[in-house]
Amino acid sequence: MSRIKAVMSQLKSDGKSALIPYITGGDPVPGLTVELMHELVNAGADIIELGIPFSDPMADGPVIQLACERALEHNVSLDDILSMVSGFRETNTSTPVVLMGYLNPIVKMGYGLFASKAAGAGVDGVLVVDLPPEEGHQLLVEMRNNNLDSVYLIAPTTTDDRIKAICDASSGYVYYVSVKGVTGSASLDVASVAAKLAVIRNKSDIPVGVGFGIKDAESAAAVAKVADGVIVGSVLVNTIASNIDNHAAIKAKMYNIVSSMRQAMDA
Amino acid sequence: MPTKYTDDMLQQIPDATGHFGEFGGRFVSETLMPSLLQLEEQYNTLKHDPEFQEEFYRDLADYVGRPSPLYFAERLTDKVGGAKIYLKREDLNHTGAHKVNNTIGQALLAKHLGKPRIIAETGAGQHGVATATVAARLGLECTVFMGAEDVQRQAQNVYRMKLLGATVVPVESGTRTLKDAMNEAMRDWVTNVDNTFYIIGTVAGPHPYPMLVRDFQTVIGKEAKQQCLDKEGRLPDALVACVGGGSNAIGLFYPFIGDDSVKMYGVEAAGHGLESGEHAAPLCAGEPGVLHGNRTYLMSDNNGQISATHSVSAGLDYPGVGPEHSWLKDEGRAEYVAITDDEALDAFRTLTRVEGIIPALESSHAIAYGMKLAKQMDKDQIIIVNLSGRGDKDMHTIAEIDGITV
């Protein structure tokens, strides 16, 4: 059983929802990422989504665009991201890590090489934002050969017949994008999320993580009531943007946000 | 030997999932997939609807002013001393470039889909102006995204768009040029997908855009073919067109793909020279990758980050290219070459002085290569160069290079 499946099924039997924070690898400096990952785990993260910086993040709002730019100022590459995961694995062998990014850096490395290197580094799953299942087959084969989970997106616009196909291509969990828009844009509406999750659950048993628009402990707790996972990104990345040179403050603020979400979700 | 590129074969380009061989496809986030599928379905119906086609061609005739002439550039031909050079005068279209052929078509699609708001990205501003124009005509709300650097170097087109009632959003992210404008347009679309139609200006983007933009632009090649037959009694020997995203080139090339005797040359921007790295020539100097919804030749670094590009012409300043051009390159059916800033500027001045036609800086790349090519050919041979746009918008850039304040 994959690390993601193990964590998800344990949480399910405990009656809890997974807390899944996102940070962009290499933001604000490459040396801080592994520390931040450990901090997120200490604060109560169940799974970590680690962003691969990209020059043209078309599905992201300004917060994550700037995070990519900060990382790319240090020339953070996909190989560097994989090294960060290896570094994290030196002391943490239990928390799943899901890479999230855009396709071109993976194309450049080559699908087969990427999948084997990622598995070797201790990556558990991969979500490629601009790769719908229709185009994802070749990468999916390489991922499966290396026992990596593939996380695909479902959106509010996704039609019922696509939901089944997306769930079938996914493993670990599917990522429900709760609002039409880019990351960090709007607040989500829990009632409409719950309605869509009911449609998804009717078609598949795969756990559903919900992201986009979760900004605080209150919205995290509300989503936790209906979803298997709560994904939070922009609000954490913002703590980096507003404390660029103060690494202690970044860690402390990230810890506070994540732990307050954890408490609210488990209450 | 019969052509390999029969009509039946070309019907499969792109295939049902939008692939031109290994290029093209639909690489977008899930939120956009249903809209793209809906657009594809709607377009496939309208493509065969005589009423839609009639409306499109009526607008091209009465509003755009088509057919555009095929002009024999006699003095240019004499000066070069080689093949006969004909110019396909897309610069004479309403709004001054070929871009309007496509915006007329896509605005009709928006109308059929019932979307009250349209958005567009623009580089030189020609597509932005053409979009703002059709939006004004149809009473649609219009927002145009334009790289902040391009807003500066194409100030006149920005003002034209504003006069036409469009909102122009300067994009400050990334390299502040066309690719960033396209990123921002996609972000807007993902947010407002319910009421918004995205009019992409070139044969790039996710399927079905490269196909439908091509279809709307093929009016260029269809006319040119007939006009050449009428004037010369035979097909041309070569076609030349500039390639940024590649919509004017595919529009000229497409009706000739099955005519094996007709050579095709796409001219990319070599900027300061291919060896300098400061250019916008993905077909000449890039590798296949994925950007803006399709797999195609791209300029990116060893880590897959998209490279900054350079060209004196904003409309060619783009790191990718339409996937059908990538296919034509790998097939060997079209040849892709590059022209530097300086060569394009020389051609700009030559055409202006010799023919009294001021070309766009984009089209000047095609003129420059057309002259080189003509010189190597016999006097009884024929070249058609696509004069994709007029140069009024570039007065500021040229004056600045000449050290003059206009």
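Can we say B:G165 is away from chain A (no Cβ under 14 Å), touching a residue at least 12 places away in the same chain (Cβ under 8 Å) and on the phi > 0 side of the Ramachandran plot? Quick ask: steps written out before the conclusion?
Details: away from chain A (no Cβ under 14 Å): yes; touching a residue at least 12 places away in the same chain (Cβ under 8 Å): yes; on the phi > 0 side of the Ramachandran plot: yes.
Yes.
Is at least one residue of the stretch B:258-271 within 17 Å of the chain's Cα centre (by Cα) and within 14 Å of another protein chain (Cβ to nearest Cβ)?
Within the stretch B:258-271, not a single residue is within 17 Å of the chain's Cα centre (by Cα) and within 14 Å of another protein chain (Cβ to nearest Cβ).
For the subset of the stretch B:182-230 comprising residues that are under 17 Å from B:V243 (Cβ atoms) and among the β-branched types (V, I, T), which member is surrounded by the most Cβ atoms within 10 Å (Cβ to Cβ)?
Among them, the one singled out is B:V203.
Considering each of B:V28, B:V80 in turn, give the residue that is closer than 28 Å to B:D230 by Cα, in contact (Cβ under 8 Å) with a residue 12 or more places away in the chain and aliphatic (A, V, I, L, M).
B:V80
Restricting to the stretch B:106-145, name every residue that is part of a helix (DSSP H, G or I) and within 18 Å of the chain's Cα centre (by Cα).
If the condition is that a residue be part of a helix (DSSP H, G or I) and within 18 Å of the chain's Cα centre (by Cα), then B:Q106, B:A107, B:Q126, B:H127, B:G128, B:V129, B:A130, B:T131, B:A132, B:T133, B:V134 are the ones that fit.
Out of curiosity, is A:V98 out of contact with any Cys (no Cβ under 6 Å at 6 or more places or on another chain), modelled with pLDDT under 95 and buried (at least 20 other Cβ atoms within 10 Å of the Cβ)?
no
Within the stretch B:374-402, take every residue that is more than 30 Å from B:N102 (Cβ to Cβ) and at pLDDT 95 or above and give me the one that is surrounded by the most Cβ atoms within 10 Å (Cβ to Cβ).
B:M377
Would you confirm whether or not the stretch B:153-171 contains a residue that is among the β-branched types (V, I, T), under 24 Å from B:D394 (Cβ atoms) and crowded, with 24+ Cβ neighbours inside 10 Å?
Yes: one or more hits.
Can you confirm whether the stretch B:89-100 contains a residue that is in contact with a Pro (Cβ under 8 Å, 6 or more places away or on another chain) and either among the hydrophobic types (A, V, I, L, M, F, W, C) or at positive phi (or both)?
From the stretch B:89-100, those in contact with a Pro (Cβ under 8 Å, 6 or more places away or on another chain) are B:89, B:91-92; that's our starting set.
Next cut, either among the hydrophobic types (A, V, I, L, M, F, W, C) or at positive phi (or both) only: B:92.
Yes, the stretch B:89-100 contains at least one residue that is in contact with a Pro (Cβ under 8 Å, 6 or more places away or on another chain) and either among the hydrophobic types (A, V, I, L, M, F, W, C) or at positive phi (or both).
Of everything in the stretch B:31-70, what is of a type in the set (A, V, I, L, M, F, W, C), more than 30 Å from B:V290 (Cβ to Cβ) and either in contact (Cβ under 8 Å) with a residue 12 or more places away in the chain or within 14 Å of chain A (Cβ to nearest Cβ) (or both)? Give them in sequence order.
Residues of the stretch B:31-70 of a type in the set (A, V, I, L, M, F, W, C): B:32-33, B:36-37, B:39, B:46, B:52, B:56, B:60-61, B:64, B:70.
Narrowing the set further to residues that are more than 30 Å from B:V290 (Cβ to Cβ) leaves B:52, B:56, B:60-61, B:64, B:70.
Of everything in the stretch B:31-70, those that are of a type in the set (A, V, I, L, M, F, W, C), more than 30 Å from B:V290 (Cβ to Cβ) and either in contact (Cβ under 8 Å) with a residue 12 or more places away in the chain or within 14 Å of chain A (Cβ to nearest Cβ) (or both) turn out to be B:F52, B:F56, B:L60, B:V64, B:L70.
Do the conditions hold for A:S17, that is, is it in contact (Cβ under 8 Å) with a residue 24 or more places away in the chain and surrounded by 23 or more Cβ atoms within 10 Å (Cβ to Cβ)?
The answer is yes for A:S17.
If you take the residues in the stretch A:206-215 that are at pLDDT 95 or above and assigned to a loop (DSSP other than H, G, I, E, B), which one is farthest from A:L188 (Cα to Cα)?
This residue is A:I206.
With the condition kept exactly as written, say whether any residue in the stretch B:319-337 is within 14 Å of chain A (Cβ to nearest Cβ), farther than 26 Å from A:H74 by Cβ and under 19 Å from the mean Cα position of the chain (by Cα).
Yes; the residues of the stretch B:319-337 include at least one that is within 14 Å of chain A (Cβ to nearest Cβ), farther than 26 Å from A:H74 by Cβ and under 19 Å from the mean Cα position of the chain (by Cα).
To keep it simple, each residue is scored yes or no on (1) surrounded by 12 or more Cβ atoms within 10 Å (Cβ to Cβ); (2) modelled with pLDDT under 95.
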{"site": "B:D8", "(1), (2)": "no, yes"}
{"site": "B:F20", "(1), (2)": "yes, no"}
{"site": "B:G24", "(1), (2)": "yes, no"}
{"site": "B:L32", "(1), (2)": "yes, yes"}
{"site": "B:S35", "(1), (2)": "yes, yes"}
{"site": "B:Q42", "(1), (2)": "yes, yes"}
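Just the residues that are among the polar types (S, T, N, Q) and over 19 Å from B:A185 (Cα atoms), please, taken from the stretch B:8-37.
Initial filter on the stretch B:8-37 (among the polar types (S, T, N, Q)): B:11-12, B:17, B:29, B:31, B:35.
Those that are among the polar types (S, T, N, Q) and over 19 Å from B:A185 (Cα atoms): B:Q11, B:Q12, B:T17.
Which condition number in (1) of a type in the set (S, T, N, Q); (2) under 23 Å from A:D60 (Cα atoms); (3) buried (at least 16 other Cβ atoms within 10 Å of the Cβ) is the one that A:S242 fails?
Failed condition: (3).
Restricting the stretch A:53-73 to residues that are more than 9 Å from chain B (Cβ to nearest Cβ) and without any contact (Cβ under 8 Å) to a residue 60 or more places away in the chain, which is farthest from A:S178 (Cα to Cα)?
Here the answer is A:E73.
Just for the stretch B:277-301: of the residues that are under 20 Å from A:M109 (Cβ atoms) and small (G, A, S), which one is farthest from the other protein chains (Cβ to nearest Cβ)?
B:G286
Would you confirm whether or not the stretch B:327-336 contains a residue that is under 25 Å from B:T95 (Cβ atoms) and surrounded by 24 or more Cβ atoms within 10 Å (Cβ to Cβ)? Explain how you work it out, then say what you get.
First pass over the stretch B:327-336, keeping only residues under 25 Å from B:T95 (Cβ atoms): none.
There is no residue in the stretch B:327-336 that is under 25 Å from B:T95 (Cβ atoms) and surrounded by 24 or more Cβ atoms within 10 Å (Cβ to Cβ).
Answer yes or no as to whether A:E135 is within 22 Å of B:G320 (Cα to Cα) and surrounded by fewer than 19 Cβ atoms within 10 Å (Cβ to Cβ). Give the steps one after another, and end with the answer.
Details: within 22 Å of B:G320 (Cα to Cα): yes; surrounded by fewer than 19 Cβ atoms within 10 Å (Cβ to Cβ): no.
So A:E135 fails the test.
Which of the residues spanning the stretch B:186-211 are within 22 Å of B:E141 (Cβ to Cβ), out of contact with any Lys or Arg (no Cβ under 8 Å at 6 or more places or on another chain) and more than 14 Å from chain A (Cβ to nearest Cβ)?
Within the stretch B:186-211, B:I199, B:Y209 meet the criteria.
Out of the residues in the stretch A:189-214 meeting the condition of being crowded, with 16+ Cβ neighbours inside 10 Å and more than 22 Å from A:A169 (Cβ to Cβ), tell me which one is farthest from the chain's Cα centre (by Cα).
Only one residue tops the list, namely A:V190.
Pull out all pairs, ordered by first then second residue, where Cβ-Cβ is under 7 Å, the residues are six or more apart or on different chains, the first lies in the stretch A:159-188 and is at the interface with chain B (Cβ under 9 Å from one of its Cβ atoms) and crowded, with 24+ Cβ neighbours inside 10 Å, and the second is aliphatic (A, V, I, L, M) and assigned to a helix (DSSP H, G or I).
A:V182/B:V190
If we only count helices (runs of 4 or more DSSP H) wholly inside the stretch A:74-127, which ones have 3 or more residues that are farther than 22 Å from B:E287 by Cβ and more than 14 Å from chain B (Cβ to nearest Cβ)?
A:78-89, A:111-121
For the stretch B:294-406, give me every one of the helices (runs of 4 or more DSSP H) that falls completely inside it and has 3 or more residues that are in contact with a strand residue (DSSP E or B) (Cβ under 6 Å, 6 or more places away or on another chain) and small (G, A, S).
Numbers: elements: B:323-331, B:341-355, B:361-375, B:395-401.
Answer list for the stretch B:294-406: B:361-375.
Any residue that is β-branched (V, I, T) and surrounded by 24 or more Cβ atoms within 10 Å (Cβ to Cβ) - is there at least one of those in the stretch B:78-89?
Yes: one or more hits.
The values are calculated or read from the model by the stated rules, or taken from the named source; none is laboratory data. Every value quoted in this text rests on a predicted model; they were computed, and no experiment measured them. For neighbour counting, all protein chains shown are included, and Cβ atoms are generated from backbone atoms with ideal geometry for every residue, glycine included.
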